[in-house]
Structure formats: C-alpha cells, structure tokens
1. Residue pairs, Cβ under 9 Å, 6 or more apart or interchain, first in the range 62-91 and in a loop (DSSP other than H, G, I, E, B), second surrounded by 20 or more Cβ atoms within 10 Å (Cβ to Cβ). List them.
2. Return the residue satisfying two criteria in turn: it lies in the range 108-144 and is over 15 Å from the mean Cα position of the chain (by Cα) and over 24 Å from residue 72 (Cα atoms), and of such residues it is surrounded by the most Cβ atoms within 10 Å (Cβ to Cβ).
3. Looking at residue 146, is it part of a helix (DSSP H, G or I), in contact with a helix residue (DSSP H, G or I) (Cβ under 8 Å, 6 or more places away or on another chain) and over 23 Å from residue 15 (Cβ atoms)?
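The values are calculated or read from the model by the stated rules, or taken from the named source; none is laboratory data. Predicted model only: the values in this text are computed from it and were never measured. Glycine also receives a Cβ, built like all others from the backbone with ideal geometry; neighbour counts cover every protein chain displayed.
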Amino acid sequence: MNASLSVKWFLGAMAAMALQVLFLRDIALANVAFCFIYLWVIIKAPMRTATPLLLVVAFFSGWIIDVFYNTHGLHAFGTVLVSLLRPTFFRILTPANGYDERSEISLAEMKWLWFFPYVGLMLVSHHLILFMFEASDFALLGLSLLRAFSSALLGMLVFGLLEFFNRGQ
C-alpha cells in the first residue's frame, strides 16, 4: 500500500468514525434501517492490505463504536468477522482476468457489477451478525432479519452515493 493511499485511507477512517459517533448514532429509518458508515473503513481498505493489519483496524474501529454505543463488543466482533471474510469475498468475486496490482476498491474502477455485490456481501454479513447477537433471542429473528437487510440496503445506497460523488478524486 503506497503512502498517499494509506494516508487517504486513514483520514477517511477518522472522518467515518467521527461521522458515525457524532451524527449517525441516533438516526434510523422507521427504527429498522441503520446506517453504519464506519464500515467504510473496512470496505474501502486497499485490496492488498495485510489481513493482520486489517484485523487490528477492524477491532479498534468496532471497539470505538462499541464505547459510544454501549454495545459491549458487538460492533468489534462483527467488524473483525467481516474483515476475516473479506478475502473470501474477493475470491468469490474475482474477475476473469484477476485483479490489477494497483486496483482500488471504487465504483469507478471496479464498476457496479463487482462493487455492489461486494458491498452487499460485506454489509449483509456484518448486519446479520450484529443484529442477531444484539437480539440474542429467536423470538426476535424476524425483526433482526428485517433490520439486517434494510440496513444493508440503506448502506448500499449511502455507499453508492459516496462513490458517485467521490468518483473524480
């Protein structure tokens, strides 16, 4: 990972964490769709990021959210698990020609046919883990699934808009 890309990723991570904690903490659509913008840190991590580094970043970003949301490790667990699944998602979605060494995870470079399934897999995985463990009761299975899928759809919309407005940079 080159220096300018890592600085850009770090600054983006700090901005996403601040936005999540300061503004998005108490915002939900119909009390079922939540926007977890802090996942952008893991989703947009450079493709060649070492897994141990990604796990550490995932843990601390999830832990910071847990501190402010008072969720006792749920976000940290979900974020670390998603960062562990990330290489598997890359293998599942590998294009016929493979990935370019300089590939950046963006809508402009990867096109919508790769980008949205990748973001969708990441978000659905995280949200299913988060909401199922948060409910910790099979009586709330329907509500947990509704929250997970509606939050994933909202996240895909938000991340798509972020990519659309960030395409020139």
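1. So the pair list comes out as 71/65; 71/130; 73/62.
2. Only one residue fits best here, namely 110.
3. no
The rows are residues; the columns are (1) among the aromatic types (Phe, Trp, Tyr); (2) over 17 Å from the mean Cα position of the chain (by Cα); (3) closer than 22 Å to residue 146 by Cα.
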| site | (1), (2), (3) |
| --- | --- |
| 20 | no, no, yes |
| 31 | no, yes, yes |
| 39 | no, no, yes |
| 80 | no, no, no |
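Quick grid of which residues meet (1) in a loop (DSSP other than H, G, I, E, B); (2) at pLDDT below 90; (3) touching a Gly at 6+ places or on another chain (Cβ under 8 Å); (4) not β-branched (Val, Ile, Thr):
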| site | (1), (2), (3), (4) |
| --- | --- |
| 4 | no, yes, no, yes |
| 7 | no, yes, no, no |
| 14 | no, yes, no, yes |
| 17 | no, yes, no, yes |
| 24 | yes, yes, no, yes |
